[in-house]
Amino acid sequence: MPYNIPLFRLNYNDDEKKAILDVIDSKWLSMGEKTSLLEQEFCKLLPSPYALAVTNCTAALHMAMILENIGLGDEVIVPSLTFVATANAVRYVGATPVFCDVSSIENLTISPDAVREAITEKTKAVIVMHYAGFGCDMQAIKAICGEYGVSIIEDACHGPFSMYKGEALGTIGTIGCFSFFSNKNISCGEGGLMTFKKEEDYNKAKLLRSHGMTTLSYERSKGHSTEYDVVDLGYNYRMDDLRSCLVLEQIKKISSDYEKRKNVRNLYISLLSHIKGIVIPFVDRTERVSNYIFPIVLKEHDRNAVRNYLQQKGIQTSIHYPAVHRFAVYSGSGAYLPVTEYVADNLITLPMYGDLSEEEIAYISNCLKEALAG
């Protein structure tokens, strides 16, 4: 059925249309000038010393595993309350994902205590996922990983330009991975980006992104080189200029969009925080955040009944996420994650986007109260 209030609404206008037409008129569609400009903008705005645009966040996570020399026999600690790609990237290189619980139903990011308990002599890295754009406890996780000599990979797909203690998410660990999927804060359909602290990681990733080739077709088209060598076993993880130009337009809107989302979140909290039987995670956080989604956790109610009622009222909801360790492909993990499992069974994601009106938020909140009242 069509929803009167969707879960997400694309923040596009004529600027994105013009940007696409300009790229078409340039006669260069694949990776080129716009992609390079996108990387420069991310480096400047985060800031980060190095950034590399790629096909999607999954590709970024896969290359991060390779850059950290992770392979068969190694273990990588991951959250289970995440999209499955976070764990799949570990499997791609033959390593084993070790699933960790979240901190609490109020804090849906990976638990530092659980990370410490999960570390073994086989652990090579921890992948943190900044749920909804709220930073994990990076201070504690950095201390633990530093103690054991373990790398930190940031899955920052929920939080471009979100902050943790004055640092941008994706710039705190060794490598940061971002997503520009169609429902993300920065949207271009499919797309992603990596950030790096070390120049050698950046240079290696540039080779891996494009088949291990020493020069790119755009460079050769400009006469910078007529020959190339292939010096590594790489992939086709390139991002084209058609999508890069969309990301560039989206970046221009990000500050105003985040301010709108902040207002949406604050109004939700004021209307819902006193309702018995629900928890609003991260309610005490004040730093700049993307507010990618707005989750609530039910404590006393049937989630399916609540979601069905909201659907009947024309309100789209979702679940972020089913627990990854429960999927059939990971059924042998042996993970016991009681908080994650509770959240996965009781969380509802309500509509969140900058253009949600006060009237719509009030309508959603009233419908939710009605659903909870039975």
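Summary of values
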quantity	calculated
Angle in degrees between helix 138-148 and the longest Cα principal axis of the chain, rounded to the nearest 10	60
Where labels lie 7 Å past Cα in the beta-carbon direction, separation of residue 318 and residue 214 in nm	4.4
Rough spin-label spacing in nm, given labels placed 7 Å along Cα→Cβ, for residue 4 and residue 345	3.4
Where labels lie 7 Å past Cα in the beta-carbon direction, separation of residue 14 and residue 121 in nm	6.7
Antiparallel %, DSSP beta bridges [both residues in the chain], to 5	55
Helix-only mean residue ellipticity at 222 nm for the chain, each DSSP H run of n ≥ 4 adding -39500 (n - 2.57), per residue, nearest 500	-12000 deg cm²/dmol
Cα long-axis angle, helix 57-67 against the chain (0 to 90 degrees, to the nearest 10)	50
Gain on full stretching of the segment that runs from residue 301 to residue 91 - 0.36 nm per residue minus C-alpha separation	72.0 nm
Integer Hz, Karplus 6.51/-1.76/1.60 couplings in order for region 103-114, x for Gly and Pro	5, 5, 6, 8, 10, 8, 9, 4, 7, x, 5, 5
Whole-Å distance, taken between Cα centres, linking region 72-151 and region 311-374	23
Charge context of residue 336, other residues only, Cβ under 13 angstrom, K/R +1, D/E -1	-2
FRET efficiency estimate (nearest 0.05) - Cβ-Cβ, residue 227 to residue 198, R0 30 angstrom	0.55
Cleavage-rule hits (trypsin sites (Lys or Arg not before Pro)) in region 239-277: DSSP loop, at most 11 neighbouring Cβ within 10 angstrom	276
Net charge over other residues, Cβ less than 11 angstrom from the Cβ of residue 128 (K, R count +1; D, E count -1)	-2
Three-way shape label, region 220-341, alpha-carbon gyration tensor, a/c 1.5	oblate
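Computed from the coordinates by the stated procedures, all read-outs in this text should not be read as laboratory data. Quick caveat: nothing in here was measured; it's all calculated off a predicted structure. All Cβ positions, even for glycine, are placed from backbone atoms using ideal geometry, and neighbour counts span all protein chains on display.
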